[in-house]
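Report on the structure given below.
The values are calculated or read from the model by the stated rules, or taken from the named source; none is laboratory data. Not measured: the values here are computed from a predicted model. Virtual Cβ from ideal backbone geometry, glycine too; neighbours counted across all protein chains shown.
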Amino acid sequence: MEMTKLREIVRTLYGVAKPQGCTEAEIDGVRERFGALPAVVEDFWRTFGHTKRLNQCQDDWVFPGHYSKWKWLEEHDDLILLNENQSVFQACVQRADLALPDPPVYLLEGPSPRLLSAPTVSSFLEATLLYEAVFQLEYSPEEFFEFTEADLAVIRSRLTKRPALQKNWFVTETSFYSDRPDNLLVVMDMGGDYQGLYGANTQESYAALMEVMEGLGEPI
């Protein structure tokens, strides 16, 4: 997967024009542990592995440097990509899939059966960068909203749905909408009930988003 799309997300929603990546030696160290790494994971680490802004999100990205600092990672035979902020569950690539260039990503939660989070690492990275971004946008109501089907009809008619989709991270399915590159609405399908939050990185783009969102949803 080309990193161009991810770079654009990080630039517009995180405000990072020049992300910092891992060294080849750091990546080699993790590859030696597992025997193989998906090419798309290596590219992601190479591009973003030392980008501080990504380590200030709701949840924790797992980059090569964490394998020498977080001892709990030694308990896992799978490649952990993302750790929920209270370590209740993780997103991972199964060890059997590590030789694939762009393998599926699963949710790991204790002894529970593994749920598919994304069909490929590429789609997981795009969706998760969007999801994590909404929690740190500069302009935001800073509260969750509950949406009705009527609210969603307005949203779908006036905002552009991004192709990324996240599954089974807290909720059944999470989708993303915007009308400018630097604003974002996240809608979480909780099995027929819908919650969401939104914001923007500039006041101008937040005002544009509020032209759609004003009056939609009930604060939770």
Scanning the range 157-175 residue by residue, those farther than 17 Å from Ser123 by Cα and out of contact with any strand residue (DSSP E or B) (no Cβ under 8 Å at 6 or more places or on another chain) turn out to be Ser157, Arg158
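Looking only at the range 70-91, decide whether some residue is within 28 Å of Val186 (Cα to Cα), surrounded by fewer than 16 Cβ atoms within 10 Å (Cβ to Cβ), without any contact (Cβ under 8 Å) to a residue 12 or more places away in the chain and of a type outside the set (Phe, Trp, Tyr).
yes
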Taking the range 187-220 and keeping residues under 19 Å from Thr174 (Cβ atoms) and among the polar types (S, T, N, Q) leaves Gln195
Review point. Does any residue of the range 182-191 turn out to be within 16 Å of Leu13 (Cβ to Cβ), crowded, with 17+ Cβ neighbours inside 10 Å, of a type outside the set (A, V, I, L, M, F, W, C) and modelled with pLDDT of 95 or more?
Key: yes
- Task: Determine whether Glu32 is modelled with pLDDT under 95 and assigned to a loop (DSSP other than H, G, I, E, B).
- Result: no
Inside the range 47-67, the number of residues satisfying the requirement of being more than 15 Å from the chain's Cα centre (by Cα), part of a helix (DSSP H, G or I) and within 19 Å of Leu37 (Cβ to Cβ) is 5
The residue that is farthest from the chain's Cα centre (by Cα), considering only those in the range 166-179 that are surrounded by fewer than 17 Cβ atoms within 10 Å (Cβ to Cβ) and within 22 Å of Leu137 (Cα to Cα), is Asp179
Asp102 meets each of (1) assigned by TED's automatic domain parsing to the domain that holds Cys92; (2) surrounded by 17 or more Cβ atoms within 10 Å (Cβ to Cβ); (3) not in a loop (DSSP other than H, G, I, E, B) with one exception, condition (3)
Exercise. Does the range 69-80 contain at least one residue that is part of a loop (DSSP other than H, G, I, E, B) and touching a Cys at 6+ places or on another chain (Cβ under 6 Å)?
Worked result: yes
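Residues checked against (1) within 23 Å of Asn85 (Cα to Cα); (2) under 18 Å from the mean Cα position of the chain (by Cα):
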| site | (1), (2) |
| --- | --- |
| Glu126 | yes, yes |
| Phe135 | yes, yes |
| Lys161 | no, yes |
| Gly199 | yes, yes |
| Ser205 | no, no |
By my count, helices (runs of 4 or more DSSP H) wholly in the range 106-220 with at least 3 residues that are farther than 30 Å from Asp78 by Cβ and not assigned by TED's automatic domain parsing to the domain that holds Asp78 are 149-158, 203-213
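For residues that are without any contact (Cβ under 8 Å) to a residue 12 or more places away in the chain, over 17 Å from Ala150 (Cα atoms) and of a type outside the set (D, E, K, R), tally how many sit in the range 170-209. Even if it seems obvious, please write down each step before you answer.
Filtering the range 170-209 for residues without any contact (Cβ under 8 Å) to a residue 12 or more places away in the chain gives 192, 204, 207.
Then drop every residue that is not over 17 Å from Ala150 (Cα atoms), which leaves 204, 207.
Those still in the list that are of a type outside the set (D, E, K, R) too: 207.
Count: 1.
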